[in-house]
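The structure appears right after this line, and notes come after that.
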Ligand SMILES: Nc1ncnc2c1ncn2[C@@H]1O[C@H](COP(=O)(O)OP(=O)(O)OP(=O)(O)O)[C@@H](O)[C@H]1O
Ligand SMILES: [Mg+2]
C-alpha cells in the first residue's frame, strides 16, 4: 500500500469455473472483485499460485504470449477505458486490428453498436456520451471478438433497469451462441441471480459459492 503494509486483495482463493458457465462475483466495495477479474484476464499477476484458463496456465506465460491470450478475452472495465481520441466505431473495431481487414472491422463494429443501440452515434467521441452509453460501447467492444471468455466488471452499474436488462440479454445471447464463459462482478442481486453461480468474496477471500459452478 506504499506505507510498508501489505494488503492481500485476493488471498488464498481457490476457484474452478466450468467452461461455458456464467458466474457472478459479488461482495462489498473493496472486497476484491475487480482484482479477481484482472487476475483471470492476465492483467494482474498473482504473487503466488497459478491460474489456468481453458487449460493454459497463464501464470507461466511471458509478456508476448500473455498479450496474445488477452487479445482473445473480452473485457468490460469498471471505468470503461474507451480510447478518448477514437470514434465509437473505431473504439469497438480496435480489438479486431490484426484479425480482420478495415472494411470487415467497420462492418462488425457497426453490428455491435447496433446491438447496444448506439449505431446512430458511431462517429461520436466517448466524451460526448453519458456514462451508461459509454458502458454500452465498452460492452460492444468486449463482444466484438466473440470471446471465449468475457470478464465484465459491473457491466450494468451505470444503466437504468430497462437498458440493464437489454445488456444482460445481449450477454445471454452471446453466451448461448458462442458458449462464452462469463465472469462478471456486480452489486446488483438481479444480475447475480441471472448467472448460473455466485461467488461471494470478502476481504480478498472467497466466503461462499451458491448455484453450480
Ligand atoms: N493498485 C492498488 N494498490 C493498492 N491497493 C489496491 C490497488 N488496487 C486495489 N487495491 C485494494 O485492493 C482491494 C480490492 O480492490 P478491488 O478493486 O478488487 O475491489 P472491488 O471488490 O472491485 O471494489 P468495488 O466494488 O468498489 O469496485 C481494496 O482494498 C483496494 O483498495
Ligand atoms: Mg471493482
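The numbers here are math on the coordinates, done by the rules we state, and not lab data. The structure displayed is predicted, hence computed values, not measured ones. Glycine also receives a Cβ, built like all others from the backbone with ideal geometry; neighbour counts cover every protein chain displayed.
Computed quantities for the displayed model
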{"read-out": "Per-region count, segment 160-189, residues more than 27 Å from residue 54 (Cβ to Cβ), in contact with a helix residue (DSSP H, G or I) (Cβ under 8 Å, 6 or more places away or on another chain) and away from ligand 1 (no atom under 16 Å from the Cβ)", "value": "3"}
{"read-out": "Qualifying helices (runs of 4 or more DSSP H) (wholly inside segment 130-213; at least 2 residues being more than 15 Å from the chain's Cα centre (by Cα) and closer than 19 Å to residue 88 by Cβ)", "value": "131-143, 161-178"}
{"read-out": "Residues of segment 12-26 classified as more than 17 Å from the chain's Cα centre (by Cα) and within 16 Å of ligand 2 (Cβ to nearest atom), total", "value": "1"}
{"read-out": "Sole exception among (1) in contact with a strand residue (DSSP E or B) (Cβ under 9 Å, 6 or more places away or on another chain); (2) surrounded by 11 or more Cβ atoms within 10 Å (Cβ to Cβ); (3) without any contact (Cβ under 8 Å) to a residue 60 or more places away in the chain for residue 46, by number", "value": "(1)"}
{"read-out": "Filtered residues of segment 66-95 (kept if within 17 Å of the chain's Cα centre (by Cα), part of a helix (DSSP H, G or I) and buried (at least 20 other Cβ atoms within 10 Å of the Cβ))", "value": "91, 92, 93, 95"}
{"read-out": "Hits in segment 113-129 (condition: without any contact (Cβ under 8 Å) to a residue 40 or more places away in the chain, assigned to a loop (DSSP other than H, G, I, E, B) and crowded, with 20+ Cβ neighbours inside 10 Å)", "value": "118"}
{"read-out": "Flag for residue 80 being away from ligand 1 (no atom under 12 Å from the Cβ) and in contact with a helix residue (DSSP H, G or I) (Cβ under 8 Å, 6 or more places away or on another chain)", "value": "yes"}
